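Okay, so here's the structure we're looking at.
Here, each number is a calculation from the coordinates, and none is a lab measurement. This structure is a prediction, so every number in the text was calculated from the model and none was measured. Cβ placement follows ideal geometry from the backbone for every residue including glycine, while neighbour counts extend to all protein chains displayed.
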Amino acid sequence: MTARARPAIADTPIIEVKNLSKTYEGGVEALNDVSLDVPQGKLTTLLGPSGCGKTTLLKIIAGLIPSTKGEVRVSGRMVTGPGPDRAFVFQDFALMPWATVLRNVAFGLELRGVGREEREAVARRHIAEVGLAGFEHRHPHELSGGMRQRVGLARALAVDADVLLMDEPFSSVDEQTRRKFQEDMLSLLSARGKTVLFVTHSIEEAVYLSDRIVLLSRRPSRVAEVIEPDIRRGDDPEAIRRHPAYLDTVETIWQGLKRYLD
Amino acid sequence: MKLFGYHVPMMTSLILWIALWEILGQSGAALVLPPFSAVVERVFEIVPTPTYLKALAITAEAYLLGNLIAIVVGVPVGVLMGRSVIADRLLLPWVNIFLSAPLSALVPVIMVLFGLGMTTIVLTVVLFAVWIIVLDARAGARGISPSLVEMARSYGATPWQAFSKIYLWAALPEILAGIRLGCIRAVKGVIIGQLLVSIVGFGHLFEIYSSNFLMEHFWALVVTLFIFAFAIAEGLGYLERRVEYYAASRN
């Protein structure tokens, strides 16, 4: 079992990005002609050197910022703004500090006009699934960083979007918590068939989590390489981290990224 | 405060100044300054009279109504300015001008437009209170974490939902600080309005006392108004401190 570099052919693409460019006001070119497909029901990671425009790409797909050129389609529909088919998980959690965990998780449904009883029942179920049962009536400042991000994940799951867009969700979470959280997230997602697009700057995290890794070059970013780590899921998580295929893939990516550092 | 190694309570200095006032008053050195003890006696005399209570009721009504209007108008305008560059460019110069302008000079204009009545006094209160409320709400809305704004958008919030469910709450500590400062300025507004109109409420009483040279009554009225203003400021400060924990926990 070795890591193989494959061309970017999707099984069934749910997100299609075509010739996307983004130049910020003031002339900073973040993305330059990026094209990629994200396969349905898989976890795809955007990986690249820091400041390479990964988050910009993710936010364009989320409909939060407009692109300069090119197009994004989700399930065949052109993205012109945020939509209920996509749910976002934020790097800094973006929880409402004045609201309880329950209200935070139910917030997406509250905005859609779902009745209180119904949305709180859904929220309670997701709070339990991310392992925060009993914390429904706490406020974010009473929780640790890892627990806050679990709330952010529960909120994204509660709206039942097809696509989860995650912007470095574990970067503000300490190392031990992160590992446990990664394992929990994989088992949560494997049962649901969600498509996940995940931004990270950690090679280990990308290889551990992903079905497909999209390597971006330095700014203005292009797709440098698409890698599909050949690692069997469902194994003992500790075994994965010692698996030769895991270690080989990490090494391959590191060799690929090294040329962008100087 | 410590003096010669003894702990001296804060109010001690107040007692010292009151004693000085009493001595000056008793000596008869200043014609307009009756002794403090006589003023205190007058306070108990005039406060229960129907004239005083009616003036108090009218003042309270104008004060509360004016503040309510200032808050209902000022907070949304301030939040809008904080979130929209166009609104901010359009309105900020005016807000800054009115914030520092000698507003008493505008009261006669209001008087000409709206007559010598309640409307003029309520509008004077609004005029004094609203600008600082706008400015603080604006500051609060500008400080809202960008990811919270993106969160609202990505989960499909309408502009009204974003305002009522996110912006208002995220900016709440600044909004409350603005309201407190606005309420303190409104005290000036309501008294200045009444003094200039001078046929309603305390303005009318001041007019009667000063034109008849009833200095003890005059000072008694001043003392009660000072106490009210101080109590309002302290009460609002207490309320604001209670939500401070929340400002600190914002991320």
For residue A:32, net neighbour charge (Lys/Arg +1, Asp/Glu -1) across residues whose Cβ lies under 12 Å away = +3
Expressed as a whole number, the average count of other chain Cβ atoms within 10 Å around the Cβ atoms of A:89-99 is 6
Relative to the compact globular guide of 2.2 N^0.38 Å, what is the alpha carbon radius of gyration of the protein assembly as shown, as a ratio?
-> 1.37
How far is it, in nm, from the label point at residue A:75 to the one at residue A:177 when both lie 7 Å from their Cα along the line to the Cβ?
-> 3.3 nm
Calculated from backbone phi, Karplus (6.51, -1.76, 1.60) coupling profile of the stretch B:158-172 in Hz, x at Gly/Pro = 6, x, 5, 5, 4, 5, 7, 9, 10, 4, 4, 7, 5, 9, 4
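Taking 20 °C and 1.002 mPa s as the conditions, I'd like the Stokes-Einstein D for the stretch B:156-251 in µm²/s, using the Kirkwood hydrodynamic radius from alpha carbon pairs.
Working: Rh = 16.2 Å.
Here the translational diffusion coefficient equals 132 µm²/s.
Only helical DSSP H runs with n ≥ 4 go in: add -39500 (n - 2.57) per run for chain A, normalise by residue count and round the 222 nm mean residue ellipticity to 500 deg cm²/dmol. Numbers along the way, then the final one.
Working: 8 runs with 92 residues, N = 262.
The per-residue figure over chain A is -11000 deg cm²/dmol.
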To two decimal places, what compactness ratio does the stretch B:97-136 give when its Cα radius of gyration is scaled by 2.2 N^0.38 Å?
-> 1.18
Once the in-chain neighbours fewer than 8 apart are removed, the lysines whose Cα is under 28 Å from residue A:18 read A:42, A:54, A:59, A:69, A:194, A:258
Mind jotting down the distance between the C-alpha centroids of the stretch A:178-211 and the stretch B:19-33, whole Å?
-> 81 Å
Can you give the longest stretch of chain B with no exposed loop site, where a site means chymotrypsin sites (Phe, Trp or Tyr not before Pro) in a DSSP loop (not H, G, I, E or B) with at most 15 other C-beta atoms within 10 Å?
-> B:5-212
When Lys and Arg each count +1 and Asp and Glu each count -1, what net charge do the other residues less than 14 Å away from residue B:163, Cβ to Cβ, add up to?
-> +4
Cα principal axis extents for the stretch B:34-248, largest first, Å | 67, 40, 26
Sorted by average packing, counted as other Cβ atoms within 10 angstrom per residue and highest first, what order do A:158-165, A:114-121 take?
-> A:158-165, A:114-121
How far apart, in nm, are two points set 7 Å out from the Cα along the Cα-to-Cβ line at residue A:125 and at residue B:243?
-> 3.6 nm
With each label point set 7 Å from Cα along the Cα-Cβ vector, what nm distance links residue B:161 and residue A:247?
-> 5.0 nm
CD proxy, 222 nm, chain B: helix-only mean residue ellipticity via -39,500 (n - 2.57) per DSSP H run with n ≥ 4, per residue, nearest 500, stands at -25500 deg cm²/dmol
Please list the non-local residues whose amide H lies under 5 Å from the amide H of residue A:35, H modeled 1.01 Å from N, same-chain partners needing a gap of 5 or more.
-> A:19, A:20, A:223
Could you tell me what percent of the DSSP beta bridges with both partners in the protein assembly as shown are antiparallel, to the nearest 5?
-> 55 percent
Over all alpha-carbon pairs of the stretch B:1-64, lay out the pair-distance distribution in 5 Å bins, whole %, shortest bin first.
-> 4, 15, 13, 13, 13, 14, 16, 6, 4, 2
Largest first and rounded to whole Å, the semi-axes √(5λ) derived from the alpha carbon gyration tensor of chain A read 29, 23, 17
Place a label point 7 angstrom from the Cα of residue A:260 along the Cα-to-Cβ direction, then list the residues of the stretch A:27-54 whose backbone nitrogen is under 19 Å away.
-> A:28-38, A:44-54
From the backbone phi of the stretch B:135-145, what are the Karplus-calculated ³J(HN,Hα) couplings (6.51 cos²θ - 1.76 cosθ + 1.60, θ = phi - 60°) in whole Hz, Gly and Pro given as x?
-> 5, 6, 4, 4, 4, x, 5, 5, x, 5, 4
